[in-house]
Amino acid sequence: MKLLIADDNPVWRKLMQAAIAPWGYRVVFAENGREALDALESDDPPRLALLDWQMPEIEGVEVCRRIKQNPEAPFTYIILLTSRDREEDMIEGLDAGADDYLTKPIVAALLKSRLASARRIVEAVPPAQWTKPQVDGFDIHHLIGKGAFATVWRATHVATGRLAAIKIIRADLATDLVFERFAREVQVMRKMNHPGIAAIYASHLERDFAYYAMELVDGESLGHYVASQKPKATKIIEMMAQICDALQHAHSQNIIHRDVKPSNVMVGRDGQPKLVDFGLSKSMFRAYGGPSSNETSEGSVLGTPLFMSPEQARGDADRVDHRSDLYAVATMLYLFLLREHPHGAGSMGREETIQTIATTEAKRASSINEKFNPQLDDILAKCLATEPDERYQTAGEFATALRGFLHDRAASRSGL
């Protein structure tokens, strides 16, 4: 299988070539972002790519974003590489559509393992192009994003003129499990009616063609918003409370999201967050028997590792409930305020991240910054407790605690 290595450092390229040579890949090189983009958009593009974050002409993260948004490009598994040990980079990379992320210097055994996993995924997805779809009642404009089995398109509903995001699965690639999960996502989103959750407008579920059209948030992901707009801490805290409001509604419908993360929260031009992508959600009332909906058919844990709760990381499906979503919100808040992960997992690989979250306690915010506000420190520590019973028991309670902190802070500053 062809593998692209894109890095402007010739010494590092030679080291990588020597390490990878015995593994059976056909390696091609790029010295800058423009060469990497040209290679990935060629007639015979590599299906695997290692992209250095910082390169001349075009940064690796931007190359990744363009390939993932290009409807003419086949599915390419992209691993971003960076020498900066920063959680913000990981969030931005995942937001750009990167499939994985590694921090230099890279251990050869780890890279070999990650490439082997990537190769298995790529070999399961034929290199067919994503053609522009035809959906009755909608004008399709352009691709917003794509994964191994689905694409999301910007569209307009002809009858109303309303903008929509249409998610379509590839019937020729989707397994029965993927189709069932997609159908469940549609069912779940139809139950929602809350300003903090993107609404679904229409759907069609047949094995040979399945899609749903949902509210298109005219804005950016939460991760990109925080990185680009640099909002004040009080704004970030209020946004977390608003996300809790949306989760409280979902939980009241007996729905757990299970994949709350910055790229699954969109921020509109009005600065209001909206929760999207209930693709990994499950009912709080799971029937006994059968494989856990918290695992794939191969038994691997579902969800984005960086924002998993300990019970998710352990694969303890029976203990994953609405309080797991609260752990994810607390992790986002911790990371945005402190620029560190509560388990120190920002630069780890997927497996190591899962293991660390499963086996270690979250660090108190005050251990990272001794001047951190004690009241907020206690709020975060409570919601990041290892045991779900020790956390806030509802999203509403967590939101109330956050807003209580903001109220107390404003009162103390005004002298009241």
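The values are calculated or read from the model by the stated rules, or taken from the named source; none is laboratory data. For clarity, every value in this text was computed on a predicted model and none was experimentally measured. Ideal geometry is used to build each Cβ from the backbone, glycine not excepted, and the neighbour counts take in all protein chains shown.
If you check residue 380 against the conditions, is it closer than 17 Å to residue 336 by Cα and either buried (at least 18 other Cβ atoms within 10 Å of the Cβ) or modelled with pLDDT under 95 (or both)? Criteria met by residue 380. Tally the residues that are without any contact (Cβ under 8 Å) to a residue 24 or more places away in the chain and in a helix (DSSP H, G or I), restricting the search to region 369-384. Counting residues in region 369-384 that are without any contact (Cβ under 8 Å) to a residue 24 or more places away in the chain and in a helix (DSSP H, G or I) gives 5. Within region 390-406, being farther than 15 Å from residue 240 by Cβ and free of Cβ contacts under 8 Å to residues at least 12 places away in the same chain holds for one residue alone: 390. Restricting region 216-248 to residues that are over 23 Å from residue 383 (Cα atoms) and over 19 Å from the mean Cα position of the chain (by Cα) leaves a set whose member that is surrounded by the fewest Cβ atoms within 10 Å (Cβ to Cβ) is 230. Output the residues belonging to region 40-76 that are part of a loop (DSSP other than H, G, I, E, B) and either among the polar types (S, T, N, Q) or under 19 Å from the mean Cα position of the chain (by Cα) (or both). 42, 53, 54, 69, 70, 75, 76, listed by residue number.
Taken over region 149-191, residues that are hydroxyl-bearing (Ser, Thr, Tyr) and under 19 Å from residue 268 (Cβ atoms) amount to 2. For residue 252, the conditions (1) at pLDDT below 90; (2) among the polar types (S, T, N, Q); (3) within 16 Å of residue 396 (Cα to Cα) all hold with the exception of (1).
One line per residue, one yes/no per condition, for (1) at pLDDT below 80; (2) surrounded by fewer than 14 Cβ atoms within 10 Å (Cβ to Cβ):
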site: 69; (1), (2): no, no
site: 81; (1), (2): no, no
site: 95; (1), (2): yes, no
site: 107; (1), (2): no, yes
site: 111; (1), (2): no, no
site: 115; (1), (2): no, no
site: 159; (1), (2): no, yes
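Here residue 207 meets each of (1) in contact with a Pro (Cβ under 8 Å, 6 or more places away or on another chain); (2) without any contact (Cβ under 8 Å) to a residue 40 or more places away in the chain with one exception, condition (1).
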